[in-house]
Amino acid sequence: MNKVLLLSVGNSFFKGALWGGYDLELPLNAAYVAAFLESRGLGVHVVDLQTLADPKAHLAALDLSPYGAAVINCTLANTFDAYAVALGVKARRPELPVAAMGVFTVLRETLLTQCPALDYVVVGEEEHTVHELCAALLAKADVGDILGLLLRTDSGVNGGVQANAPRPFEEDLDSLPFPARHKFPLDRYYPSPGKYARLPQFSMLSSRGCKWGCFFCSNLRGKQMRLRSPENMVAEIDELQERYGAREIAFVDDTFTADRDRALRFCELMARRQKPPMAFRIAARVDTVDFELLSRLKDVGLYSVGYGLESGSDRVLAFNKKGFTTARAREAVAMTRMLGLDIRGYFMVNLPGDTRESTEETVAYIRELELDLVNVQIAYPWPGTAMREFVRQNYEVVEDIWERWDLCDGDDISFLQPGLPRDYIQDTYKRIIREQYMNPLFVLKWLGHLKSWHDFKYSFLQAASLFKRTVLRLS
């Protein structure tokens with residue numbers, strides 16, 4: 001019992017995932033933790049449950065005897081699947097300590113009160129806390145002073161939960177080992193059409209934290225941005241290319257261009273590489289890009305930029321603390337288009353402060369921008385966000401749908417505000433989707449993205465789901 005079992009939960013065991021279980025992504029946070037444990041001499045076995053055809057059967061057959069600790073990684077949307085996994089592990093080995101890590105730990109003590117099978121919750125960044133916890137558990141040592149840890153106590157104080165002091169965020173991201181991708185079934189991760197230009201594609205994270213503080217964001221990594229050096233980023237790209245044959249990188253940072261000088265230095269280093277070219281895609285804020293920067297990035301492989309545009313109303317943008325205007329967004333979109341880069345735009349309807357007028361402004365704004373890909377969601381106040389408490393205090397809460405998020409159709413509504421009835425919100429959401437995805441020009445362009453039978457199959461499932469959600473369910 002000298003090894004750690006790391007279980008990653010996602011996609012709700014394939015029991016109703018929106019796109020039928022396709023478009024799986026390797027959980028980078030779990031890969032970072034696995035690498036950190038290995039670098040500290042701990043054995044670790046990883047099971048990414050979302051990649052399995054029958055994860056429940058796999059868990060039931062998994063030999064738990066070699067492990068002295070189990071760690072469950074999970075997103076917030078799949079919290080109750082994580083509970084099921086923890087309960088399954090405890091049912092077979094009651095004495096095996098089980099810890100939780102990942103985005104769903106924003107729920108903190110709630111995880112321990114709702115799930116008796118969880119013994120510990122790792123709060124904040126995971127690497128050091130998980131290592132110290134697992135090392136102590138394997139050595140049968142005390143865990144009472146480990147920073148960033150919640151644990152059960154017998155005192156009855158605070159509901160029987162002890163909250164240790166928080167752990168400071170890791171300042172030197174270059175000190176972390178590269179993610180242990182070799183621990184994962186890499187052939188099971190396949191991006192959807194429209195999300196890649198070349199295969200194999202690998203995801204990378206070049207920063208942690210976010211300094212902007214949008215109203216609807218849950219910032220698990222803190223409000224101070226910490227950046228990897230361009231040298232460290234290029235070293236990981238070299239490893240991905242040499243070890244795994246990568247031809248494309250999907251940077252999953254919220255804002256790749258947060259530091260202009262760093263981005264330009266990255267371009268300089270990429271231009272010097274004596275290796276085959278690497279395509280990559282990024283997300284950026286519209287107020288962190290300019291023509292020169294985008295042009296330099298394009299020269300070294302950038303082909304697609306995603307912008308969180310959210311709303312066509314400056315008033316709603318300000319209300320939700322976005323920190324930019326639609327005029328700045330239009331400027332960024334125009335320069336991105338001028339360079340021939342694909343543009344992905346992300347929007348929400350029923351944001352706090354929305355009205356019929358602002359909602360129609362958003363609809364018109366989306367039409368005007370003519371983006372290559374539009375992602376629209378009905379706003380939802382996730383746990384850990386400032387928006388959540390505001391909604392509870394000011395609006396009518398209809399349903400806390402995160403408890404069944406994996407089974408939602410996309411048009412589910414969690415709160416209502418004056419002047420925006422449920423039917424109007426849902427119809428507007430569907431109208432945007434129909435106008436974007438049932439446009440013949442979009443369909444023709446989308447067909448150009450299909451490069452394999454997998455792409456055709458995924459697209460068929462996606463089209464069928466969109467038709468069901470936006471045409472058959474009109475009301």
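No lab work stands behind these numbers, since they all come straight from the coordinates. Since the structure is predicted, the reported quantities are computational estimates derived from the model, not experimental observations. Neighbour counts run over all protein chains shown; Cβ positions are idealised from the backbone, glycine included.
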field: Å³ per residue enclosed by the Cα convex hull of segment 48-178
entry: 128 Å³
- prompt: Helix 230-244: angle to the longest alpha-carbon principal axis of the chain, degrees 0 to 90, nearest 10?
  reply: 80 degrees
message: Charges at C-beta only: +1 for Lys and Arg, -1 for Asp and Glu. How large is the resulting dipole of segment 3-163 about its Cα centre, in Debye rounded to 20?
response: 420 debye
message: Positive end of the dipole of the chain, charges at C-beta (+1 Lys, Arg; -1 Asp, Glu), about the Cα centre: which of L151, F347, A386 has its Cα farthest in that direction?
response: F347
- prompt: Which value results when the Cα radius of gyration for the chain is divided by 2.2 N^0.38 Å?
  reply: 0.99
- prompt: Where nothing but the Cβ of Lys and Arg (+1) and of Asp and Glu (-1) is charged, how large is the charge dipole of the chain around its Cα centre, in debye to the nearest 20?
  reply: 760 debye
task: At a Cα cut-off below 18 Å, give the lysines reachable from K183, other chains included and same-chain residues fewer than 8 away excluded.
output: K3
The chain, relative contact order in percent, only Cα pairs under 8 angstrom and at least six apart counted: 13 percent
task: Give the cross-link partners of K457 among the aspartates and glutamates, using a straight C-alpha distance below 12 Å as the criterion and excluding same-chain residues fewer than 8 apart.
output: D23
query: In degrees from 0 to 90, rounded to the nearest 10, what is the angle of the helix 326-338 Cα long axis to the longest principal axis of the chain?
result: 80 degrees
- prompt: What is the distance in Å between the Cα centres of segment 213-236 and segment 119-148?
  reply: 23 Å
Only Lys, Arg (+1) and Asp, Glu (-1) charged, at Cβ; segment 190-472 dipole about Cα centre in debye: 700 debye
message: Bin width 10 Å, origin at 0, all Cα-Cα pairs of segment 300-341: what percent of pairs per bin?
response: 27, 47, 23, 4
query: Angle, helix 79-92 long axis vs. longest principal axis of the chain, Cα atoms, 0 to 90°, nearest 10?
result: 20 degrees
query: In deg cm²/dmol, rounded to 500, what helix-only [θ] at 222 nm does the chain give when every DSSP H run of at least 4 residues adds -39500 (n - 2.57) and the total is split over its residues?
result: -11000 deg cm²/dmol
statement: In whole percent, the Cα-Cα distances of segment 190-472 spread across 5 Å bins from 0 upward as 1, 5, 11, 15, 17, 17, 15, 11, 6, 2, 1, 0
